[in-house]
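Enquirer: Submitted below is the structure of interest, expressed as structure tokens.
A short reminder: the numbers here are calculations on the coordinates, not readings from a lab. All values derive from a computational prediction rather than experimental measurement. Cβ atoms come from the backbone with ideal geometry, glycine included; neighbour counts cover every protein chain shown.
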Amino acid sequence: MKRQVGVAAVFAVLAGGCAAWRPDAAPPCAGSAARSPSDAICARDGAVRSVRARFRAEVEAAGGTRTAEGVLVWREPGSMRVKLFTLAGLTVYDAVLVGDAARVRGVVRQPLADRDESFDLGPDETLRSPEADLALVLWALWQPRCTRPPVLVSEDAALYRLDARGARASARTVALSAGDVREETLTRAAAGSPDEEERVVARYGHYDCAAVPPLPRRIELEAPASGWRARVTILEQATNVALDEALFALPGATDGDAGS
């Protein structure tokens, strides 16, 4: 219960809202079904070197459902920043993560709660704070999928196993439908309980067919053991954009460290 309340606290100062959790009914992009599984799974790797996105998130936790708007910037190989705002434009959550499978450094700031959390994680270390763990989940899902070729697990389910180490997980799978990745699952240590494992599920939909490669505009995240789920709608998204080094600066880091 403490972990559930922790996640809810991030959104307690945001405007409340209710949203139905609906299945994705958008048709696939033309030509997606003709892609090989490897192309569908691995196309993002290498082709997308940076991302800048504005989004709306509906987060359901123990405190109810809250709605926030935010921005996310990501740059390969492992730098990410995500910010959430109140409807009045005040920053309520600001997370920066930089690293790889061996080491992830980060800071999560919650200005309205006057709370900052810095961390430096080795390969087998986990986060105790659900607020920081929410950012770590997003970071992990943006790590390359195909450091090794995908391995078919179930032909009926179009389920493929990926190398999980880069995402700091013990297992990572993706499921295809009509030539697009529709579901991705990370099995990893639970936040605050490193001796327990949990499955974090991301479901993707409403692919932007004008993007190359197509990227989802709807993302549903669910972490049942941590007691939260989120529905993210991408409002604007641009890839392979120039991003300022200062966006990824960490406390005490030199300019060279910021983009490592």
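Enquirer: Pulled fully out, how much extra length does the chain show between Asp124 and Ser50, if you take 0.36 nm times their separation in residues and subtract their Cα-Cα distance? Numbers along the way, then the final one.
Expert: Details: separation 74, 0.36 × 74 = 26.64 nm, distance 2.70 nm.
The span from Asp124 to Ser50 would gain 23.9 nm if fully extended.
Enquirer: Between Leu90 and Val212, how many nm apart are label points set 7 Å from Cα along the C-beta direction?
Expert: Label-label distance for Leu90 and Val212, simple model: 4.5 nm.
Enquirer: On the principal axes of its Cα set, how long, how wide and how thick is the chain? Give whole Å, largest value first.
Expert: Cα extents, longest axis first: 51, 42, 39 Å.
Enquirer: With N set to the number of residues, divide the alpha-carbon radius of gyration of the range 136-208 by 2.2 N^0.38 Å and report two decimals. Don't skip to the answer; put the middle values down first.
Expert: Numbers: Rg = 12.4 Å, N = 73, 2.2 N^0.38 = 11.2 Å.
Here the Cα radius of gyration is 1.11 times the empirical estimate.
Enquirer: Based on Cβ point charges of +1 for Lys and Arg and -1 for Asp and Glu, what charge dipole magnitude is obtained for the chain about its Cα centre, in debye rounded to the nearest 20?
Expert: On the way: 32 positive and 35 negative charges, 84 e Å.
The calculated dipole for the chain is roughly 400 debye.
Enquirer: Something else now. Under Stokes-Einstein, with the Kirkwood radius over Cα pairs standing in for Rh, what whole-number D in µm²/s applies to the range 98-236 at 4 °C and 1.567 mPa s?
Expert: Translational diffusion coefficient: 81 µm²/s.
Enquirer: I need the fraction of alpha carbon pairs in the range 199-238 separated by more than 16 Å, rounded to a whole percent.
Expert: Values: 318 of 780 pairs.
Value for the range 199-238 (Cα pairs over 16 Å): 41 percent.
Enquirer: Calculate the spin-label point distance for Arg148 paired with Ser36, positioning each point 7 Å from the Cα along the beta-carbon direction, and give it in nanometres.
Expert: Distance between the two pseudo-spin positions: 1.9 nm.
Enquirer: Something else: Work out, step by step, the length gained on full extension between Ala62 and Ala238: first 0.36 nm times the residue separation, then minus their alpha carbon distance; give nm to one decimal.
Expert: Numbers: separation 176, 0.36 × 176 = 63.36 nm, distance 3.34 nm.
Difference between extended and current length: 60.0 nm.
Enquirer: Run the helix sum for the chain: -39,500 (n - 2.57) per DSSP H stretch of 4+ residues, divided by residue count, reported at 222 nm to the nearest 500 deg cm²/dmol.
Expert: Working: 5 runs with 35 residues, N = 260.
After summing the helix terms and dividing by residue count, I get -3500 deg cm²/dmol.
Enquirer: Counting just the Cα atoms, what span does the range 64-164 cover along each of its three principal axes? Round to the nearest Å and put the largest first.
Expert: Largest first, the range 64-164 extends 48, 30, 25 Å along its Cα principal axes.
Enquirer: Figure the gain on full extension for Asp156 and Glu245 (residue separation times 0.36 nm, minus the Cα-Cα span) and round it to one decimal in nm.
Expert: Details: separation 89, 0.36 × 89 = 32.04 nm, distance 4.47 nm.
Working it through step by step, the gained length comes to 27.6 nm.
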